[in-house]
Amino acid sequence: MKWLVTGGAGFIGSCFVRTALTEGWADRIINVDKLTYAGNIENLEPIAHHPAYGFVQADICDADVMEELFAREAPDAVIHFAAESHVDRSIHSPAPAIYTNLNGTFTLLEAARRSKVARFVHVSTDEVYGSIEPPHEADENYPLRASSPYSASKAGSDLLALSYFTTYGLNVSVTRASNNYGPYQFPEKLIPLMISNALDDKPLPVYGDGQQIRDWLYVEDHCRAIRSVLEKGAPGEICNIGGNCSLPNLEVVRRILRATGKPETLITRVADRPGHDRRYALSSAKLTRETGWEPAMSFDRGLEATVEWYRHNSQWIRHVKSGEYRQFYELNYSNRTV
Ligand code: NAD
Ligand code: TYD
């Protein structure tokens, strides 16, 4: 089997490519990535010389390049991770999220349809369901109530992907996962930012009251779930992927401080995110029922492994922070307090 993976130089995509090649999930993997600020070729160093691995630097929105690539490579399956994935960035500057998440998905679906790709997995997020009142949790039929430009662009791309099944019979699955964490995550999302700041004795900026709830999923568990959906998912269906670990942000930050051995005085309350979703809650009963998948990593073990990884990869953190991200961070966050 030849798989075409988009966004394979990012956090989750690179975990998928590393794991798939190491464990022999496919005969060949072509990784298509534009290498934005979030895409880092170093994330693929462990498998860079694997004989089954190929890399193409390209923008998924470039229709000519995608048509040519699909015609040349004739992949058996597409696993589509590439996206502008950060809510705060999409709030400060929505255009890249709309461009890549909507136009890019459209371009790939068209290329896949024209070259008759047998399988297309569109990787999406639980954020499309919006904020969920307790005690409810979202199953796959829950209404879409996206709050941010990021989540709205993902909800739009989910519908587009599903329309290619209904209209053209393209064998599409949509996965909607909860918040991921683990090694190689760009330090702009909650867990890697807090770990990186704690290790540097810098303030940990908690938005608002810190009581917002997220469900945490270890990245390797997510990648195994995607493989299950790719191989066993029913055509034209959605599958939720949750970590079964709901925690308020402040509790996550406290656990990070304990794991790094740093004091709670580093916690700094900052202004809340506009349109901040209070609670995400997901049911993955369908995925477990249909494929047997369940998350294997407990949050405490996963967090410990993640902290250890960041502790031993300070050069990676310095490197990814040295470019565009640092300017963005300094412009938007460095002086924010309540
Ligand atoms: P990421 O930001 O770490 O990586 C995104 C990758 O896509 C980068 O390598 C980037 O270079 C590439 N990319 C961006 N625009 C591109 C373009 N126009 N053409 C080609 N490549 C492009 O993201 P991530 O956290 O690994 O998320 C991957 C996918 O999983 C996304 O679709 C995201 O919506 C989804 N998701 C993420 C989470 C999470 O917690 N991070 C949770 C659920 C779902
Ligand atoms: P984030 O990692 O950006 O993921 P998402 O917004 O997609 O859920 O944020 C997770 C939660 O942490 C969210 O409620 C916002 C909050 N947060 C902070 O309190 N401080 C921060 O510096 C960041 C990046 C996030």
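The values are calculated or read from the model by the stated rules, or taken from the named source; none is laboratory data. Quick caveat: nothing in here was measured; it's all calculated off a predicted structure. Note: ideal-geometry Cβ built from the backbone for every residue, glycine included; neighbour counts use all protein chains shown.
Structural remarks
- The stretch 155-168, residues that are surrounded by fewer than 20 Cβ atoms within 10 Å (Cβ to Cβ) and either under 14 Å from the mean Cα position of the chain (by Cα) or free of Cβ contacts under 8 Å to residues at least 60 places away in the same chain (or both): G156, L159, L160, S163, T167, Y168
- Given (1) within 16 Å of ligand 1 (Cβ to nearest atom); (2) over 28 Å from P135 (Cα atoms), index of the condition G243 fails: (2)
- Listed by position, the helices (runs of 4 or more DSSP H) contained in the stretch 1-99 that have at least 1 residues being in contact with a Leu (Cβ under 9 Å, 6 or more places away or on another chain), touching a residue at least 24 places away in the same chain (Cβ under 8 Å) and farther than 19 Å from L230 by Cα are 63-73, 87-92.
- Condition met for A82 (under 16 Å from Q185 (Cα atoms) and either under 16 Å from the mean Cα position of the chain (by Cα) or at pLDDT 95 or above (or both)): yes
- Taking the stretch 110-119 as the range and being part of a helix (DSSP H, G or I), touching a helix residue (DSSP H, G or I) at 6+ places or on another chain (Cβ under 6 Å) and more than 14 Å from ligand 1 (Cβ to nearest atom) as the test, only R113 passes.
- Any chance R289 is under 29 Å from T167 (Cβ atoms) and outside any loop (DSSP other than H, G, I, E, B): yes
- Applying the criterion of being crowded, with 22+ Cβ neighbours inside 10 Å and of a type in the set (S, T, N, Q) to the residues of the stretch 120-131, the residue that is nearest to ligand 2 (Cβ to nearest atom) is T125.
- From the list I238, I256, I226, the one residue that fits, being closer than 29 Å to P135 by Cβ, crowded, with 18+ Cβ neighbours inside 10 Å and either hydroxyl-bearing (S, T, Y) or within 12 Å of ligand 2 (Cβ to nearest atom) (or both), is I256.
- Residue in the stretch 192-213 that is hydroxyl-bearing (S, T, Y) and out of contact with any strand residue (DSSP E or B) (no Cβ under 7 Å at 6 or more places or on another chain) present: yes
- Residue, surrounded by the fewest Cβ atoms within 10 Å (Cβ to Cβ), within the stretch 287-303, restricted to residues that are in contact with a strand residue (DSSP E or B) (Cβ under 6 Å, 6 or more places away or on another chain) and not aromatic (F, W, Y): M297
- Listed by position, the strands (runs of 3 or more DSSP E) inside the stretch 139-240 whose residues that are on the phi > 0 side of the Ramachandran plot number at least 2 form an empty set.
- Residues satisfying the stated conditions in the stretch 46-97, i.e. aromatic (F, W, Y) and more than 16 Å from L108 (Cβ to Cβ): Y53, F55
- Test for K232: is it in contact with a helix residue (DSSP H, G or I) (Cβ under 9 Å, 6 or more places away or on another chain), among the charged types (D, E, K, R) and either farther than 30 Å from A161 by Cβ or surrounded by 19 or more Cβ atoms within 10 Å (Cβ to Cβ) (or both): no
- One residue alone among P134, P187, P149 is within 16 Å of ligand 2 (Cβ to nearest atom), surrounded by fewer than 20 Cβ atoms within 10 Å (Cβ to Cβ), closer than 30 Å to R254 by Cα and more than 15 Å from the chain's Cα centre (by Cα), and that residue is P134.
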